Amino acid sequence: MQETYLYDPSLLLKLDFHRTPATFKPFISAANPGEPWMKVRPLKDTDYDRGFLQLLSQLTHVGNVNRTQFLTRFSQMKASGDYFVTVIEDTRKNEIIGAASLVIERKFIHNCSVRGRLEDVVVNDTYRGKQLGKLIVVTVSLLAEELGCYKMSLDCKDKLIKFYESLGYVLIPGNSNSMTIRYDEGTPLKRNATSASSSSSTGAGGDSCQTVSLDFAS
């Protein structure tokens, strides 16, 4: 069966992991992830059968997505050219064990430049100690720079701030609120806002979110 990549896998071979402030011990990269049975690559249209959605369910609610829905969304993402879902596969088990998404936003500002957003970062808990969380985040961060993004942003829980700071991300002064409007919880205009001030009451393990950015222009 012919398999289709979401984006050109050769892009990952261009990434220079010596450019990241992240520390890998031992040193690993997308091209050499540390184990011969491990592979970092773009999402494929056949990853429905490799447990990709089951992995995402460790992060958040996925729902009952069937194969047709998966393939339709995959085709839409590929056609847009703005989605770079990257995965780590355990080739021994034919199973997806890590994933992260880079979403490109096209702007008029910065001379009609593009901005990246890091989303849906997840690694299978049974693979702890292999630096996979660091590997998948650094991979998509370097990919954003390779694609010409002037900035890469993400939202994270308070307890993950130090992790992302170790990878080169910084908190944006005066912009530490994360606000959303939800349409899937019954109340049409239900709003949720969390701020840096609320972190003092929730503690390091709370659900407070921060805006974290990696600026490639600075």
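The values are calculated or read from the model by the stated rules, or taken from the named source; none is laboratory data. Bear in mind that the values here come from a model prediction, so they are computed numbers and not experimental data. Note that each Cβ is placed from the backbone with ideal geometry, even for glycine, and that neighbours are counted across all protein chains shown. Accessible surface areas use protein heavy atoms only, side chains included; no ligands, DNA or RNA. Shrake-Rupley method; radii C 1.70, N 1.55, O 1.52, S 1.80 Å.
Quick look at the numbers
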item	result
Some residue of segment 34-53 being open to solvent by 40 Å² or more (accessible area, probe 1.4 Å), assigned to a loop (DSSP other than H, G, I, E, B) and among the aromatic types (Phe, Trp, Tyr)	no
Unmet requirement for residue 110, which otherwise passes all of (1) surrounded by fewer than 19 Cβ atoms within 10 Å (Cβ to Cβ); (2) modelled with pLDDT of 95 or more	(2)
Any hit, segment 183-202, residues being open to solvent by less than 20 Å² (accessible area, probe 1.4 Å), at pLDDT below 85, out of contact with any strand residue (DSSP E or B) (no Cβ under 6 Å at 6 or more places or on another chain) and more than 19 Å from residue 12 (Cα to Cα)	no
Residue in segment 115-123 that is crowded, with 18+ Cβ neighbours inside 10 Å, touching a residue at least 40 places away in the same chain (Cβ under 8 Å), touching a strand residue (DSSP E or B) at 6+ places or on another chain (Cβ under 8 Å) and within 16 Å of residue 9 (Cα to Cα) present	no
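The rows are residues; the columns are (1) touching a residue at least 24 places away in the same chain (Cβ under 8 Å); (2) in contact with a helix residue (DSSP H, G or I) (Cβ under 6 Å, 6 or more places away or on another chain); (3) over 30 Å from residue 151 (Cβ atoms); (4) aliphatic (A, V, I, L, M).
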position	(1), (2), (3), (4)
43	yes, no, no, yes
58	yes, no, no, no
68	no, no, yes, no
85	yes, no, no, yes
89	yes, no, no, no
105	no, no, no, no
